[in-house]
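Worksheet: one structure, shown below.
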């Protein structure tokens, strides 16, 4: 495992903990801590799936994005995400979740590879889409939803 791969795993785990706290567990922190260390192992499993296809398999980001969608739906349905189980919120929830999972999958990669500025310059839609979830998370934390 190379230095970039290790950085990717470490950054991803840190991002997963922060994002999960902000989006899913901020009002149930005791319950979240009660699931430790199993929940950290679950995050690590997800990260290692993406690491495997990004590094040893050297898949393109486009291929990994489609893999990410499959893994996202698999886990979100496994976790019984109520937004996906409701037909009226399925499409907006899918967009929000794709933004979150895209952030968790690709932003650590760009940081580890020192490509973040390049991505900002070259991808005028992708980068803002992966950061769009932050606005929804802030509104949720402020009690707007």
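The values are calculated or read from the model by the stated rules, or taken from the named source; none is laboratory data. These numbers come from a predicted model, not from an experiment. Every residue, glycine as well, gets a Cβ built from its backbone with ideal geometry; the counts of neighbours run over all protein chains shown.
Some notes on this structure:
Per-residue answers, yes or no, for (1) loosely packed, with under 13 Cβ neighbours inside 10 Å; (2) more than 18 Å from residue 64 (Cα to Cα); (3) modelled with pLDDT under 85:
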| position | (1), (2), (3) |
| --- | --- |
| 104 | no, no, no |
| 109 | no, no, no |
| 113 | no, no, no |
| 117 | yes, yes, no |
| 123 | no, no, no |
| 129 | no, no, no |
| 140 | no, yes, yes |
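- When 79, 16, 59, 32 are checked against the criterion of being at pLDDT 95 or above, closer than 22 Å to residue 133 by Cβ and surrounded by 11 or more Cβ atoms within 10 Å (Cβ to Cβ), 16 stands alone in meeting it.
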